[in-house]
Each structure stands twice: as C-alpha cells, then as structure tokens.
C-alpha cells in the first residue's frame, strides 16, 4: 500500500471510472532484464472496490486475490475472468476506525496444498479483525483474532509446521497463528519492523529457514531466522533504499528477489548483496504494484492503482533464469 493512500485513496477511487474486465494482450516496451514479454493479463473494477492487494497461486494458472477495498477474495482464471469467492462482513461502524486506513480491507492471502485459503482482514473492530480461513466450497470464518488497533497486512504459511505468520503494519509486529486457529503469539517485534509515520512490517515470505519482511516506511527488507525451537532470531536488515516497498517474491533458491515498490510505481530486482535495479515501470502497465508471485518462469504482478486511480490490473512477465 502506498504512503499516500490514507490521504488520497478514497477520493481517487470515487473519481475513477470502472476499469474494463477484458484481457489486454498488448506487450509493454520498457521491461528490463531478466524480465521480458510483460503484458496486462486482467483488468479489475476500480469503482467496484477491486483494488488487488495480495495473491496466492494455484495449479492450472489460477490466482487467488484479495480485493482490499471490496473486502473480497476472488479467483482469477488464466483468461482473466474474475470470480468472487467471498465478501467479508462490513463492521457496524463502517470500518472508520481501521488504523492508518479508515476503511475495512482484506490484505494478505496464503493457500494450503489442499486448497484452503487463509487471509487477513483489518476493520478496527475486535469482532472481525484477524486471520480468516475458507476451505474449498466453504464459507469464510475467522479462526484467530488480531488486535483491533493494528493492521494485519502480509501473510505467509509454513506448511511444514502448520504455522501462519502475519505482519502487522501499525504495531510493527509479526504474529504467529496455528493453521487450526487460536490465540496469536507476538513472534517478532523491533524497530526494524516499526512504522515511521504510516506503515511498518508489510510483505512477508518464508525462505531458507527464515521469515523475510518489508518495511515501506523505512524502505527495507529484513530477514528473521527461525530458530530450532521456533522462536525468532535477531532481525537482520538485508536491503534498503526502497521507500514504498510492499510485497516481494524470491526468483529461486537463492536470495535474489523481485519487489513491488507501490509508491514509486516500480518493480525492482534486488540482489543478495542488497543492491537493486528497476525492471518494470509505468510504461509496462504498472499502477501502484502491491504483490508479486512466481510460478515457474512466469511473474505475476498485482496493481491496485491506489494513487494512479486508473487501471488496477494483473501483469504477467517472463523471468529469464
């Protein structure tokens, strides 16, 4: 989410026209190596609250997406068709007390091997904020509460230990919750996860024995080792100089990754030494990128158009290994 969101998103959405839902195979022209052949694969309905925040991939080219302002979870087919799977209940006060945002929103999403979806919902109320689960063909249910004065954002699933990790962007905390649900545990806190005016810990991934997280206010990526007993190790800052960074995805078994820079409207390639370069820009169709995922050599980039207010979309690109 962009740092400008709290000040301009509501007005921007109100003024925006609905985006078309048809596919657009037109190629982009500014994509940089190791990415190529970037194209817009799906358009979303901005006026309808389809501001895509996070995604989880499944077999057959399907993507599961959270629409933040729509309070929805959706399935996007390989052809770009959008099917709404669930709309979460609106809080009694309309979500006006949701920290940092002022409206209720669905955020991080993860998918288990059996097709169960886990996702986060922030409302500023104690009865709805937390970790939600939806089994295939079932209805969404909250399985763990999270603090109403926080903003649960990034979500990652460790299938080996059946543990969910949730990044709280306001409280600067990474929580753990069993996939069966229950009381959350504050797994890691620290100044590296704290906000500096708007949003702290945001994007979240589990990789090579550690939890990795971004901090958009500080422009950093941090690595937190998972110790043998499951506790959090010392927070290590691995990259910086990227204000507005949101979600990210590793390009392979190493520590090279692609990062969505929401505010700057760019996708960056971040090397293991922390250096980074721009590989996608607005010329490629970016509209405030919020989430990145990889399936094979295909890169998926979600764009919420929080600030551009033009065309929330899904971009696909080829990654050269």
Residues (surrounded by fewer than 24 Cβ atoms within 10 Å (Cβ to Cβ) and either in contact with a helix residue (DSSP H, G or I) (Cβ under 9 Å, 6 or more places away or on another chain) or not in a loop (DSSP other than H, G, I, E, B) (or both)) located in segment 269-283: 269, 270, 276, 277, 278, 279, 282, 283
Enumeration of residues in segment 240-252 that are surrounded by fewer than 21 Cβ atoms within 10 Å (Cβ to Cβ) and without any contact (Cβ under 8 Å) to a residue 40 or more places away in the chain: 240, 241
Top-ranked residue of segment 220-252 - restricted to ones that are in a loop (DSSP other than H, G, I, E, B) and under 27 Å from residue 184 (Cβ atoms), ranked as nearest to the chain's Cα centre (by Cα): 235
Candidate set: segment 179-209, residues that are touching a residue at least 24 places away in the same chain (Cβ under 8 Å) and not in a loop (DSSP other than H, G, I, E, B); chosen: the one farthest from residue 243 (Cα to Cα): 187
Meets criteria (over 15 Å from the mean Cα position of the chain (by Cα) and under 28 Å from residue 224 (Cα atoms)) for residue 166: no
Residue match in segment 133-144 (condition: in contact (Cβ under 8 Å) with a residue 60 or more places away in the chain and assigned to a strand (DSSP E or B)): yes
Residue 255 being part of a loop (DSSP other than H, G, I, E, B), surrounded by 20 or more Cβ atoms within 10 Å (Cβ to Cβ), at negative phi and touching a strand residue (DSSP E or B) at 6+ places or on another chain (Cβ under 8 Å): yes
Failed condition for residue 186, given (1) in contact with a strand residue (DSSP E or B) (Cβ under 6 Å, 6 or more places away or on another chain); (2) surrounded by 15 or more Cβ atoms within 10 Å (Cβ to Cβ): (2)
Verdict on residue 99 being surrounded by fewer than 17 Cβ atoms within 10 Å (Cβ to Cβ) and either modelled with pLDDT under 95 or farther than 20 Å from residue 138 by Cβ (or both): no
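The values are calculated or read from the model by the stated rules, or taken from the named source; none is laboratory data. These numbers were taken from a predicted model, which means no experiment stands behind them. Please note: Cβ atoms are built from the backbone with ideal geometry, for glycine as well, and neighbour counts cover all protein chains shown.
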